Amino acid sequence: MTAETRRHFFREKILYNQKLALLLWFGLAFIAVMLSHLHHKDINIYKIFKYVYIHATQHKNLYLLYGHEYEDVNMYGPVFSVLIAPFALLPDVIGSKLWVLGGAALLWYAIMKLPVKKEYRIAILVLCSHEMMNTASWYQSNAYIAACILLGFIMINKGKDGWALFFILLATFIKIYGIVGLAFFFFSKDKLKFIGWFILWSVVFFLLPLLVTSWDFLIQSYRDWYDALVFKAAKNINTNIGNDFQDISVMGMIRRIFKYPELNNMFVYVPAVILFGLQYLQIKHYGDRLN
């Protein structure tokens, strides 16, 4: 078998194989959650999610440590109390599995809607299926957040700014990282409409938790969320408490490699913002696509 024959076999039978992609993507995620169940692995992260809804209905601070219910603390926005509710109302053995498979399905849908060749979309599924399995085994929300950001880009690309902002702000109000989707503003064909939808969906998602809680508790929860994020950020860069799995960033690398815990993040943020912004000067390439 020649090198060219091997490459062709790899592309057609593995990398661009749609049936294999589906099998790996959903099969590995399903195996991960079933192994977790069979080995009685603690679903701690899912419990954190579930109790966001429960605590919101009970008017209990969403960002305190409840050691008798789960380990660690919640870092998700108040709107998450509404989104997790359909899963939280089910028995854990069912709700946790549906949570994982729902995330896998939404991210699969987002990837398959990307404006690139079908072969490339299938290749993404094949190459990322192991990471989907990894996030599934921990019952994480990463698949949902990634899907929302991708769908934001996809909708901007279609000129549907309303739907784009729906997904981008949904991700942002769940977990602050989703705010990166606002970088797609420059690709919008109608900037004023983009801003208008931003305001509308911001109001909607800000108020959405009122479906399960009260106004006073909601306002207090946003204050508590801000305080929790500030505290978490400060804790992450505290090198004296053995944060081996925290501050995984450029700043964290500098702090560890050069033994410089006093690093001011602005020395990284400012050049990073400048470099990131320079790409938006290539206005004539805004419509380019990988075909």
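The values are calculated or read from the model by the stated rules, or taken from the named source; none is laboratory data. Everything quoted here is computed from the prediction, not taken from an experiment. Glycine gets a Cβ as well: all are built from the backbone with ideal geometry, and neighbour counts include every protein chain shown. Heavy atoms of the whole protein, side chains included, go into the accessibility calculation; ligands, DNA and RNA do not. Shrake-Rupley method; radii C 1.70, N 1.55, O 1.52, S 1.80 Å.
Note on residue 19: lysines with a C-alpha under 20 Å away, same-chain residues under 8 apart excluded, are 113, 117, 118. Among 125, 65, 151, the largest mean-square fluctuation in a Gaussian network model of the chain, built with springs joining Cα atoms closer than 10 Å, belongs to 65.
Within the listed set 269, 226, 16, the Gaussian network model of the chain (springs between alpha-carbon atoms below 10 Å) gives the highest mean-square fluctuation for 269. Measuring r between the beta carbons of residue 112 and residue 23 and using R0 = 22 Å, the FRET efficiency lands at 0.90.
When the chain is treated as a GNM with alpha-carbon contacts under 10 Å, the residue of 73, 203, 270 showing the greatest mean-square fluctuation is 270.
Only protein heavy atoms count here; under a 1.4 Å probe, residue 258 has an accessible surface of about 140 Å². For the set 248, 257, the ranking by accessible area, highest first and with no ligand, DNA or RNA atoms included, is 248, 257 under a 1.4 Å probe. Model label sites at residue 223 and residue 278, defined 7 Å from Cα along the beta-carbon direction, differ in position by 4.4 nm.
Once you list every other residue whose beta carbon is under 10 Å from the beta carbon of residue 92, what net charge do they have if Lys and Arg are +1 and Asp and Glu are -1?
Details: positive: 47, 50, 97; negative: none.
Summing Lys and Arg as +1 and Asp and Glu as -1 gives +3.
Put the Cα centre of the stretch 133-180 next to the Cα centre of the stretch 42-74 and the gap is 23 Å.
Return a whole-number percent for the relative contact order of the stretch 1-81, with Cα pairs under 8 Å and 6 or more residues apart as the contact set.
On the way: 39 pairs, mean separation 17.8, N = 81.
Relative CO of the stretch 1-81 lands at 22 percent.
Taking the Cβ of residue 160 as the centre, find all other residues whose Cβ is under 13 Å away and add up their charges (Lys, Arg: +1; Asp, Glu: -1). Don't skip to the end; give the middle numbers.
Values: positive: 113, 158, 189, 193; negative: 161, 190.
Taking every Cβ under 13 Å from that of residue 160, the sum is +2.
Here residue 193 sits with roughly 100 square angstrom of accessible surface, probe radius 1.4 Å.
When the chain is fully extended, how far beyond the present Cα-Cα distance does residue 250 get from residue 69, taking 0.36 nm per residue of separation?
On the way: separation 181, 0.36 × 181 = 65.16 nm, distance 3.43 nm.
Going from the current span to full extension adds 61.7 nm.
In the assembled protein chains, residue 197 presents an accessible area of approximately 80 Å² (probe radius 1.4 Å).
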